[in-house]
Amino acid sequence: DFSTDEGMEIIDPFGNTIYKFADDEYEMNLDNGFKFYIAKNQKGDTVMGLMDENYNKITEPIYVYDPQLWAYSDLVYVVKVEDSKGVFINCKGEEKLKIDGIKYAIVCESVIIVTKEDGYQYIYDRNGNQLSFRGYEFIQDGIQNDYAVVNTEGDKNILVDCKGNI
């Protein structure tokens, strides 16, 4: 990456420009093949679009900018600007899953940790089926080897399996 007063460029080792971002655009490169570009929309809001590894734009900047976004697997949860609806996409921009009534989600290798509108976190499988029907204040560090440490009311830590069983 190379930044100038005129914007950001991607250059090769010889200084040749591979890709030049428009003014006020820049790259956010995540794991698992996800590469977003950050831009301003007509309203002046910071938004994200998806691009491939060769810097070809796959989508327009149609997603709400999330500086905390991280790709732990081959899916990532994004929110569309136009209708504020969340959707799970792959690195090609294809919508793969939608779960209604959620505020945020983190896709782990085997499950999805969903924050619902009640503020609690729940465990879903990667097909969108709810596995844990009890909400937790916080699921620590995601699901590791099908188990997680969760915080419950009263600040107790308990170990649960990926279905929420203690």
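The values are calculated or read from the model by the stated rules, or taken from the named source; none is laboratory data. Bear in mind that the values here come from a model prediction, so they are computed numbers and not experimental data. As a convention, Cβ positions derive from the backbone with ideal geometry for all residues, glycine included, and neighbour counts pool all protein chains shown. Accessible surface areas use protein heavy atoms only, side chains included; no ligands, DNA or RNA. Shrake-Rupley method; radii C 1.70, N 1.55, O 1.52, S 1.80 Å.
Each residue in the range 50-80 was checked for being buried (at least 18 other Cβ atoms within 10 Å of the Cβ) and either under 23 Å from Asp23 (Cβ atoms) or among the basic types (Lys, Arg) (or both), and 5 pass.
Of all residues in the range 83-102, those satisfying the criterion of being assigned to a loop (DSSP other than H, G, I, E, B) and among the acidic types (Asp, Glu) are Asp83, Glu94, Asp100. Looking only at residues in the range 101-152 that are modelled with pLDDT of 90 or more and of a type in the set (D, E, K, R), the one that is farthest from Lys85 (Cα to Cα) is Asp118. Val111 satisfies every condition listed in (1) within 16 Å of the chain's Cα centre (by Cα); (2) on the phi < 0 side of the Ramachandran plot; (3) open to solvent by 40 Å² or more (accessible area, probe 1.4 Å) except (3). Within the range 54-82, the set of residues being in a strand (DSSP E or B) and of a type in the set (Val, Ile, Thr) comprises Val64, Val76, Val78, Val79.
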